[in-house]
Amino acid sequence: MLSSWLENESGTTFPRIRFLLIYVKRGYKGKTMGQVIDKTYNGLKVPQGDKMTFKDGKPVTPNHPIIPFIEGDGTGRDIWKASVRVIDAAVKKAYGEEKSIKWFEVYAGEKAKDATGEWLPEDTLAALKEFGVGIKGPLTTPVGGGIRSLNVSLRQIFDLYCCVRPVRYFKGVPSPVVAPEKLDVVIFRENTEDVYSGIEYVAGSAEAKKFIDLCESLGKKVRPDSGIGIKPISKFGSQRLIKRAMEYAIERGKKSVTMVHKGNIQKFTEGAFRDWGYELAAGEEPFKTKIVSEETLWDKMDGKMPADKILLNDRIADSMFQQVLTRPDEYSVLATTNLNGDYLSDACAAQVGGLGIAPGANIGDDCAIFEATHGTAPKYADKDVINPGSVILSGAMMLEYMGWVEACNLIHEGLAKTIQQKKVTYDLERLMSGATKLKTSEFGDAIISNM
Ligand code: NAP
């Protein structure tokens, strides 16, 4: 299974990656906290610090965790320099000397190619596996016959099944809608299945023909010149994603979880996603006690939602795109399949002012990688102009995930104040009247001084 994710375009697994698969499969079940000494990855020595551990899919954070970071290509360099200063300043302000992050650089993308000859070295994967939580800037997707997108590979190697994208408005950011502050949602997008699982065959190929013949034997007609893509959606994959969304809603006291699907048309994939979600909520604690389905609310509670319960409902995807515009404040946590989630995340991010400040995380049961949601914007590389907001807010998400909520809040506060003072990078400055244009590094400084 793992090897299929790492196949190059001709279907051959990279030999060095095959070594890694053995390494990953052997696993690190016995992960313990403690100082890590005398280890190198990609020739870089691991700093003194402690390892993150995981219990029941949740991180257990030591006071001085070793966190691997991937700087990112292009503008990633400028963005990382500013972001790391902001994250460190927030941690220091919140906890003094008691807590700190021991950053450890791991290579991926162009920097890795230059240093090691590989786009995604096995040492980088091994370090991420060992230390569990990492953060990355944007990476160039190598064009031509190599491994597929580095971002997709990372998600799939570590089974980061849950893509989390919080979307909220920062006052002062130019937005295309009248009341952007009404949208405050956290989107949980399934990250491993659906049309992204990589089962696709070009029109006219022997494989496409096999599938077409199979369909015909089942009484279904497919045009012979069709390309074929398969959309697998499993009960296991759906329920573990919806479970995370419901747990998040319970932990944060959110008012609802909405499953977004296209089940009216695709009944056994998208429709099943919804059904499996309701089944999980009705059959397992703590959901049975804490969660009320929309059907129960109207059939048994006369539409009166008890204050201590969370509503579980569902919406058809096309209707959801309307609702986030017309009734955004009715929604809180959204759980959805891979393709719907891809579209919905960017549409919601655009509604509150664009991708430059939209953070994201890819989370699994024993690994989580926080990342910029935009690309490398190569034309601005090393010019110290790009908006570092996406990686800074991803860093804040990482702190929250680690349980360092005070430091997370300081970053939000610093960023919100800086934008309200109309001190912004070029991308926002060109859309705001009377704003001061800051460099990437200056924007980081302003956030720190506003914490
Ligand atoms: P992009 O790098 O996201 O840039 C497109 C445009 O978006 C930029 O020219 C800029 O617009 C704006 N932009 C992006 N990030 C910004 C930021 N932080 N601050 C302000 N403006 C920002 O998309 P792309 O040009 O399609 O992709 C370039 C490379 O990135 C490709 O190799 C692609 O594969 C890769 N990529 C990586 C990731 C990832 O690592 N997660 C995601 C997407 C793409 P203006 O020119 O109008 O200022």
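Values for this structure:
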item	result
Largest-first ordering by accessible area, 1.4 Å probe, given options TRP276, TRP404	TRP276, TRP404
Dimensionless Rg ratio for region 331-434, taking C-alpha atoms and the 2.2 N^0.38 Å reference	1.16
Dimensions in Å of region 384-451 - Rg and Dmax from alpha carbons	12.1, 38
Projected-area average for region 146-200 over all orientations - Cα convex hull basis, square nanometres	5.9
Long-range amide H partners of LEU139 with built H, under 5 Å	ASP73
Peptides ranked, highest mean first, by Cβ atoms within 10 Å: ranges 70-82, 189-201	70-82, 189-201
Measure of compaction for region 255-312 (Cα Rg per 2.2 N^0.38 Å)	1.17
Environment charge at PHE69 (Cβ cut-off 9 Å; Lys +1, Arg +1, Asp -1, Glu -1)	-1
Share of Cα-Cα pairs in region 203-349 lying beyond 26 Å, as whole percent	35
Size of the chain as Cα extents on the principal axes (Å, biggest first)	64, 58, 46
Rg/Rh ratio calculated on Cα atoms of region 63-200 (Kirkwood radius)	1.01
Percent accessible area from carbon and sulfur atoms, region 278-360, protein chains only, probe 1.4 Å	52
Net charge dipole size for region 204-299 [Lys, Arg +1 and Asp, Glu -1 on Cβ; Debye, nearest 20]	280
D_trans [Stokes-Einstein, Kirkwood Rh over alpha-carbon pairs] for region 134-227, 20 °C, 1.002 mPa s, µm² s⁻¹	121
Rg/Rh for region 32-92, where both radii come from Cα atoms and Rh is the Kirkwood radius	1.02
Value at 222 nm in deg cm²/dmol, rounded to 500, when DSSP H runs of n ≥ 4 in the chain each add -39,500 (n - 2.57)	-12000 deg cm²/dmol
For TYR107, net neighbour charge (Lys/Arg +1, Asp/Glu -1) across residues whose Cβ lies under 9 Å away	-3
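The values are calculated or read from the model by the stated rules, or taken from the named source; none is laboratory data. As the structure is a prediction and not an experimental result, all values here were calculated from the model. So basically every Cβ, Gly included, is an ideal-geometry build from the backbone, and we count neighbours across all protein chains shown. In case anyone asks, the SASA skips ligands and DNA or RNA and just uses the protein heavy atoms, side chains included. Shrake-Rupley method; radii C 1.70, N 1.55, O 1.52, S 1.80 Å.
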